[in-house]
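Trainee: I'd like to ask you about the structure that follows.
Laboratory data are not the source of any read-out in this text; all were calculated from the coordinates shown. On a predicted model such as this, the values are computed, not experimentally measured, just so you know. As a convention, Cβ positions derive from the backbone with ideal geometry for all residues, glycine included, and neighbour counts pool all protein chains shown.
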Amino acid sequence: MKKFARLLALFAGIALLMGADTSELRYQNVGGKIMCSCGCGQMLLKCNHVGCPNSAKMIGQLRTQLAKTDNDEDVLQFFRNEWGVTMVVEPGHHGFELLAWILPFTGLGVGILLLIVVVRKWSLKPAPINPADAQLDPQLEAFRAQARKETEV
């Protein structure tokens, strides 16, 4: 029964997506990468700030830019230039913003390598010597016996 319900949900989703307008999908996709500049902290297309002074203007600019160009990165660059770099959630793929894409993976790689080196160093470390198995100098053994006798241990 669960398999049938999943299959039905899959076909319903496919049917809905087949009828969706590609320009509307593009509008939703690009609009989902832009923050509203009113200070509400929400995405542009989901801003529910009553009386928002900026969302209507920004949505109009988004529709205009999407009509002008087929390149989504150009639209996002327009919003970076017009409203500031922080209004676009997804960092660019050039210049200093490229570090936002590279650094997490580089840090993860360096961390894994460091972990491998530390674990390997620990595994190659010789096993500690058991004091009971060690052969002690006879003079030291005499001192140990005297200390046991004096402390009655």
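Trainee: State, to one decimal in nm, how far the label point of Phe143 lies from the label point of Lys3, with both points 7 Å from Cα in the Cβ direction.
Mentor: 7.8 nm
Trainee: Amide H of Val88 versus every other amide H placed in the peptide plane: which residues, excluding those fewer than 5 positions away on the same chain, fall under 5 Å?
Mentor: Here the answer is Met35, since their amide H atoms fall under 5 Å of that of Val88.
Trainee: Just want the answer: with Cβ charges of +1 for Lys and Arg and -1 for Asp and Glu, which residue in Leu99, Cys47, Leu76 is farthest toward the dipole's positive end in the range 40-153?
Mentor: Comparing the listed Cα positions along the dipole, Cys47 ranks first.
Trainee: Rounded to the nearest 0.05, what FRET efficiency do Gln28 and Thr86 give with R0 = 22 Å and r taken as the Cβ-Cβ distance? Could you check?
Mentor: FRET efficiency, Gln28 to Thr86: 0.55.
Trainee: Using mean Cβ contacts within 10 Å as the protection proxy, how do 30-36, 139-145 order, highest first?
Mentor: Peptide ranking by packing, descending: 30-36, 139-145.
Trainee: Pulled fully out, how much extra length does the chain show between Ala56 and Leu115, if you take 0.36 nm times their separation in residues and subtract their Cα-Cα distance?
Mentor: So the chain would gain 16.2 nm between Ala56 and Leu115.
Trainee: What does the charge dipole of the range 92-153 about its Cα centre add up to, to the nearest 20 debye, if the Cβ of each Lys and Arg holds +1 and the Cβ of each Asp and Glu holds -1?
Mentor: 120 debye
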